[in-house]
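Sharing a structure, written as structure tokens. Questions coming.
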Amino acid sequence: MKGIARYLAGLLSVITILALWKAIAWLGQYPSFILPHPEEVARRFWLAIADGSLLFHAKVTLLEIGAGLSLGLFSAFILGYLLAKIPFLEFYLTPLVVVSQSMPVVALAPLLVIWFGFGLASKIAVCALTVFFPVLVGTIVGLRSVEQEFYDLMRILRASRWQVFWLLELPAALPILMGSIKVGVTLSVIGAVVGEFVAADRGLGFLVNLARGLFDTPLLFVALSSLAAIAIALYLGVALLEKKLMRWR
């Protein structure tokens, strides 16, 4: 019953937002290029689906997000594990990581385009860089949350280094790590779009730029809602994975 109530509450919130949107557009009598009515956006959505443009651009963005997420998560976890276990590395590398993250991704994106070109590689790099820091911090904090008593127990049981990692460190770090991954997957969408804003001829970010230039606000709403749907789907996917992995709790 709780699950059904949650879904009904979500559906009610969507209906409320659509009703408010319709009321504001109708009362204000705004032209379509300023605030289109929901039905105009729906018509533009089906038109973009019919001509294949939305699916084409969504595939490109999803490819960038998937590759950027994989690269960002893997590199952040590996480096986070090393920093958590080797104080010497943390002392020297943490300032460099913090400095790199203090620079806005929007400012770094043109530089990455110069280095990696105008193709997928630069967008993947921007996406991975956006994901990297929250997952890195989550990995370090999660691994350091393991209490020393558990390490002593594993030592008494003569566990190998791999067994300590797989049976103790990874399960203990999962709650914090999964929380950071939730943040990372939503940021990955932003990273992909930023890369497409800088230099792209395809992708949902490019579609946003195109719609803005043409004053096609319904298409702009279609692209933005598609990006939001991707972010929500990724978040829910990680939440479902977390629920399965954390069943032992």
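Determine if region 83-90 includes at least one residue that is of a type outside the set (K, R), in a helix (DSSP H, G or I) and in contact with a Lys or Arg (Cβ under 9 Å, 6 or more places away or on another chain).
yes
Another question, if that's okay. Pairs only if they're at least six apart or on different chains, beta carbon under 7 angstrom, first in region 35-55 and under 14 Å from S225 (Cα atoms), second basic (K, R); list them, first residue then second.
Pairs found: P38/K22.
Here is a further query. Considering region 135-181 alone, what residues qualify as being polar (S, T, N, Q), assigned to a helix (DSSP H, G or I) and either more than 26 Å from the chain's Cα centre (by Cα) or not assigned by TED's automatic domain parsing to the domain that holds L241 (or both)?
Q148, Q163 - these are the residues of region 135-181 that are polar (S, T, N, Q), assigned to a helix (DSSP H, G or I) and either more than 26 Å from the chain's Cα centre (by Cα) or not assigned by TED's automatic domain parsing to the domain that holds L241 (or both).
Would you mention how many residues in region 152-175 are loosely packed, with under 12 Cβ neighbours inside 10 Å and under 16 Å from I78 (Cα atoms)?
Here the count works out to 2.
Still on this structure, please answer the following. Consider region 114-130. How many of its residues are within 15 Å of L63 (Cβ to Cβ) and either touching a strand residue (DSSP E or B) at 6+ places or on another chain (Cβ under 7 Å) or of a type in the set (A, V, I, L, M) (or both)?
6
List, please: which pairs have Cβ atoms under 6 Å, are six or more places apart or on different chains, and start with a residue in region 215-239 that is within 18 Å of P38 (Cβ to Cβ) and end with one that is among the acidic types (D, E)?
What qualifies is P218/E40.
The values are calculated or read from the model by the stated rules, or taken from the named source; none is laboratory data. On a predicted model such as this, the values are computed, not experimentally measured, just so you know. So basically every Cβ, Gly included, is an ideal-geometry build from the backbone, and we count neighbours across all protein chains shown.
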